[in-house]
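Working notes for the structure below.
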Amino acid sequence: MRNWESNVRRVVPYVPGEQPKDNGIIKLNTNENPYPPADGVIKALKDYDADNLRLYPDPSSEELVKALAERYTVKPSQVFVGVGSDDVISMAFMTFFNSNKPIIFPDITYSFYDVWAKVYNIPYKTKPLDENFRINPDDYNCENGGIIFPNPNAPTGVCESLDKIESIIKANPDVIVMIDEAYIDFGGVSCIPLLKKYDNLLVIQTFSKSRSLAGARIGFAIGNEMLIKYLNDVKFSVNSYTMNSLTQKIGVEAVKDESYFKKIVNKIIQTRERTKIKLKELGFTFPDSKSNFIFASHPNKPASEIFEELKRRKIFVRYWDKPMLNNYLRITIGTDKEMDIFFEALEDILRN
Ligand SMILES: *Cc1c(COP(=O)(O)O)cnc(C)c1O
């Protein structure tokens, strides 16, 4: 080891799902939306004046903040936008998880949380989910430096009730509780209305899943004005110009088209429910999902084998070779046509 290496911030990075370059792959591995973005997004891209690129973008993303504030009936001063919710959550960790007490999150959850905790030197503890992959709110009734979990949870798809979430927020008035609602649009109930009662709640959402814009990188947080001010203070101390002007424009268009949003989300929910029936017929077990994916396991065939066999047939799902997860597949809901091909492949794999 060289001497200077002892001064390096060394981290084990988060590993995102594979983005294969091949065409013809059925991609059910990163929870992307199988449908295109709204028409207004496509038009805004076509009409974009490249001369704008000479100029710095609006550092406060005012138009997008305004559109989101209207959509969620909050004040613009309650909205923070970032480059994907990963950027928003990372900023929020830096801003709000700044004590010597450990932050807490479930043992099975989004695998980025522990990475951010380590990169920012935030102590953390995990709490086990119960045998049905549910959160026990009593586990969160302890001294801590803050709380985060996704609702619905990832990679399980399990959605907790608003009452349970409220009990956790209520029991922790001295820390910030972040609810990562990346998948809330697929059938869960958002805790945004709880903001009226609790100033220590931060709700984080993304355009990557329900709004078909994973490639554009748009995420946002909604919270009490003070929280949003603190977040902006940190953001403007790191990089003022996070979101480019083209992305700000298409973000506004995506928020405005409520009817298209509802249409594709409902379509994905329909396909998900059909997928549950089909997976059950094939013998899979899984917790009930309220997201755009299903976390499934088969009693007769190891998940690793099914994963490899699917891959050989050019169907990608997500698999983690990690304790507690290594006999599960996380299957993103695609189009009906994609899912039919997937079911056929599964039937074939399970026959052998
Ligand atoms: C996908 C996902 C995110 C991040 O999405 P972005 O593309 O960065 O907006 C955050 N949290 C969870 C639980 C996710 O699954």
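Every number in this text was worked out from the coordinates using simple rules, so none of it is lab data. Owing to the predicted nature of the structure, the values given are computational and were not obtained by experimental measurement. FYI the Cβ positions are ideal-geometry reconstructions off the backbone, even for glycines, and counts take in every protein chain you see.
Using the alpha carbon gyration tensor of segment 13-118, what are the three equivalent-ellipsoid semi-axes (square root of 5 times each eigenvalue), largest first, in whole Å? Kindly include the intermediate steps, with their values, before the conclusion.
Working: eigenvalues 170, 123, 42 Å².
Equivalent ellipsoid of segment 13-118: 29, 25, 15 Å, largest first.
Just order 153-161, 122-130 by mean Cβ neighbour count inside 10 Å, highest at the front, would you?
On the way: 153-161: 23.1, 122-130: 16.3.
Put in order of decreasing packing, that is 153-161, 122-130.
How large is Rg/Rh for segment 287-352, to two decimals, with Cα atoms and a Kirkwood Rh? Show your work: numbers first, answer last.
On the way: Rg = 11.5 Å, Rh = 12.2 Å.
On the Cα set of segment 287-352, Rg over Rh gives 0.94.
Run lengths n ≥ 4 of DSSP H only: what is the helix-derived mean residue ellipticity at 222 nm for the chain, with -39500 (n - 2.57) per run over all residues, to the nearest 500?
Working: 10 runs with 124 residues, N = 352.
Rounded to the nearest 500, it is -11000 deg cm²/dmol.
For each of 324, 339, count neighbouring Cβ atoms within 10 Å of the residue's Cβ, then give the residues from fewest to most. List each step's numbers first, then the result.
Working: 324 11, 339 21.
Listed from fewest to most nearby Cβ atoms, that is 324, 339.
Among 282, 310, rank each residue by its count of other Cβ atoms within 10 Å, from fewest to most, as a rough exposure measure. Show your work: numbers first, answer last.
On the way: 282 14, 310 22.
Result, fewest neighbours first: 282, 310.
Semi-axes of segment 53-175's equivalent ellipsoid from the Cα gyration tensor, sqrt of 5 times each eigenvalue, largest first, rounded to whole Å? Working shown, then result.
Values: eigenvalues 165, 64, 43 Å².
Its equivalent ellipsoid spans semi-axes of 29, 18, 15 Å.
Cα centroid distance between segment 182-196 and segment 16-79, in Å?
20
I need the phi-derived Karplus couplings for segment 283-291: 6.51 cos²θ - 1.76 cosθ + 1.60, θ = phi - 60°, integer Hz, Gly and Pro marked x.
Once θ is set to phi - 60°, the couplings for segment 283-291 become x, 6, 10, 6, x, 5, 9, 10, 10 Hz.
Show log10 I(q)/I(0) for the chain at q = 0.13 Å⁻¹, two decimals, from a solvent-free Debye sum over equal Cα scatterers.
-1.08
Over the chain, what relative contact order in percent results from Cα pairs under 8 Å that are six or more residues apart?
On the way: 610 pairs, mean separation 83.8, N = 352.
About 24 percent, as a whole number.
Checking the cross-link filter: which lysines have an alpha carbon closer than 22 Å to that of residue 127, excluding same-chain neighbours under 8 positions apart?
Residue 127 reaches 101, 118, 164, 170, 290, 322.
Straight-line reach from residue 278: which lysines fall under 16 Å, measuring Cα to Cα and dropping same-chain residues less than 8 apart?
337
Take the Cα pairs of segment 140-224, get the Kirkwood Rh, then feed it into Stokes-Einstein at 4 °C and 1.567 mPa s and tell me D in µm²/s.
On the way: Rh = 13.2 Å.
D = 98 µm²/s.
Determine the sum of side-chain charges near residue 52: Lys and Arg each +1, Asp and Glu each -1, restricted to other residues whose C-beta is under 12 angstrom from that of residue 52.
On the way: positive: 54, 249; negative: 47, 49, 51, 58.
Counting the neighbours of residue 52, the net charge comes to -2.
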